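A short worksheet on the structure shown next.
FYI, it's all coordinate maths here, none of it is from the lab. Predicted, not measured: the structure shown is a model, and the values here were computed from it. Positions of Cβ are generated from backbone atoms using ideal geometry, with glycine treated the same way; all protein chains shown enter the neighbour counts.
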Amino acid sequence: MESQVHRIVDKIISDAKEKAKSIIEEAHKSSEVMLEQQRELARQKASEEVSLILKKAEEEAKVTTITEVAEVNRKASWMILREKERLINNVLDEVRTRLNAFSKSKKYVLFLQRLIVDSGTVLGGGMLEVLLNEKDFTLRLNFDELEKTITERTGVKTQLRLSEEKINAPEGTVIRRVDGRILVDNTFEAILKRREKHLRLKIAKILFE
Amino acid sequence: MLEYDLVPALLEAVRIIVEKEKEAGKILEEAKAQADIIKQEAQKKAEEAFNEAYRQVVAKARQKALELKKKAKEARTRASEAETILKKAEEHTKNIQNRAKEKFDEAVNVALSEIIP
């Protein structure tokens with residue numbers, strides 16, 4: 001009978017120990033499951049932020065690419081524009097050279113007289129001063145004829161006087177009223193400057209179209 | 001005689017069994033208490049586990065984002081695109097120069113005729 005009691009008692013204790021072990025194991029297991037669930041929940045919640053981060057990075061990368069390509073395009077356009085500008089300037093330089101050569105030709109005197117008449121007409125005739133450069137000062141200009149033409153054109157009796165004052169321009173003339181209040185600058189450089197915008201467009205059309 | 005001898009022995013057996021039942025109950029109680037502690041600690045670690053997992057995912061994404069941006073800056077395709085654009089511009093410039101050379105006199109004469117009609 002004593003051994004039977006011992007068996008019962010051992011069984012009670014070993015069952016209890018077994019169950020206790022199982023309770024603790026279950027607690028560990030459920031804790032791990034719960035922690036894993038939290039981690040999974042975090043991954044899901046983070047996926048929204050992850051999408052935003054990656055989308056923003058992709059957009060920035062795209063913008064970087066576009067901006068840099070645009071910058072290269074801009075550089076290329078500038079390169080072409082600068083070259084066009086240089087070529088137009090070459091033409092204008094040649095124009096200046098040829099104008100200078102023209103100022104040494106026989107035709108120049110006639111042209112200079114025409115400029116004086118045009119300028120005098122613009123000023124409305126009257127008492128006018130003609131300013132020339134050192135070189136042109138010695139030219140024989142028919143002032144009587146010029147005065148007559150201006151008078152005819154303006155209806156105002158015109159008198160031209162060659163000024164002792166010399167202009168610095170290599171070609172052309174400056175005409176001013178004797179009171180000095182109004183003048184017309186028809187030096188070639190001034191004519192070129194006034195027409196430069198228009199000339200550049202015209203030259204560009206011929207050279208590049 | 002036999003009956004009288006058995007009673008005390010039986011009583012002793014019952015006492016022992018009851019005592020061991022109590023001991024077994026105590027073992028289970030202790031196990032439950034320990035299980036509760038394990039679960040409570042896990043609860044405490046839950047927020048930390050959440051934050052750590054969140055941080056890891058976001059950090060990985062940030063790293064990927066950095067790589068994307070870096071790649072965009074170093075992109076070989078873009079470099080070759082830029083090279084093509086500049087090459088085309090150089091070719092275009094040469095064409096312009098050639099055409100301008102051919103049309104140079106015409107342009108000079110037209111400009112001159114505007115000043116000396």
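Output ³J(HN,Hα) for the stretch B:50-61: one whole-Hz value per residue in order, computed from phi by the Karplus curve 6.51 cos²θ - 1.76 cosθ + 1.60 with θ = phi - 60°, and x for Gly and Pro.
Karplus values, whole Hz, x for Gly and Pro: 4, 4, 5, 5, 4, 4, 5, 5, 5, 4, 5, 5.
Let me spell out the model: positive unit charges on the Cβ of Lys and Arg, negative unit charges on the Cβ of Asp and Glu, origin at the Cα centre of chain B. What dipole size does that give, in debye rounded to 20?
That gives a dipole near 1120 debye.
Identify, among A:Leu199, A:Thr121, A:Asn89, the residue whose Cα sits farthest towards the positive end of the charge dipole of chain A, taking +1 on the Cβ of Lys and Arg and -1 on the Cβ of Asp and Glu, with the dipole about the Cα centre.
Result: A:Thr121.
When Cβ neighbours within 10 Å are restricted to other protein chains, what is their mean count per residue of peptide A:23-29?
Partner Cβ neighbours, averaged per residue: 6.
Mean Kyte-Doolittle of at least -1.0 plus a Cα span of 30 Å or more along the axis: flag which DSSP H helices in chain A meet both, please. Walk me through the intermediate numbers first.
Working: long enough: A:2-102 (146 Å, -0.60).
Qualifying helices, which must be both long enough and hydrophobic enough, are A:2-102.
As a test of the formula, what do you get for the protein assembly as shown when each DSSP H run with n ≥ 4 contributes -39,500 (n - 2.57) and the sum is divided by the residue count, at 222 nm and rounded to the nearest 500 deg cm²/dmol?
My calculation for the protein assembly as shown gives -30000 deg cm²/dmol from helical runs alone.
Which of the aspartates and glutamates could a cross-linker bridge to A:Lys193, judged by Cα under 17 Å and excluding same-chain residues fewer than eight apart?
A:Glu85, A:Asp93, A:Glu94, A:Glu171, A:Asp185, B:Glu114
Take each of the peptides A:30-43, B:5-18, average the number of other beta-carbon atoms within 10 Å over its residues, and list them starting from the highest.
A:30-43, B:5-18
Treating the beta-carbon of each Lys and Arg as +1 and of each Asp and Glu as -1, no other charges, what is the dipole magnitude of the protein assembly as shown about its Cα centre, to the nearest 20 debye?
That gives a dipole near 2620 debye.
Restricting things to alpha carbons, find the Rg to Rh ratio for the protein assembly as shown using the Kirkwood radius for Rh.
Expressed as Rg/Rh, it is 1.73.
How well do other chains shield peptide A:86-93, expressed as the mean number of their Cβ atoms within 10 Å of each residue Cβ?
4
Of the residues A:Glu152, A:Glu58, A:Glu164, which exhibits the maximal mean-square fluctuation in a Gaussian network model of chain A defined by a 10 Å Cα contact cut-off?
A:Glu58
Consider a paramagnetic label point 7 Å from the Cα of A:Arg161 along Cα→Cβ; state which residues of the stretch A:124-148 have an amide N under 19 Å from it.
Flagged as within label range: A:124-133, A:137-138, A:141-148.
How many percent of DSSP beta bridges within chain A run antiparallel, rounded to 5?
65
Work out the mean other chain Cβ neighbour count within 10 Å for the residues of A:34-45 and drop it here as an integer.
6
With just the Cα atoms defining each centre, how far is the stretch B:37-100 from the stretch A:17-60? Give it in Å.
Cα centroid of the stretch B:37-100 versus Cα centroid of the stretch A:17-60: 28 Å apart.
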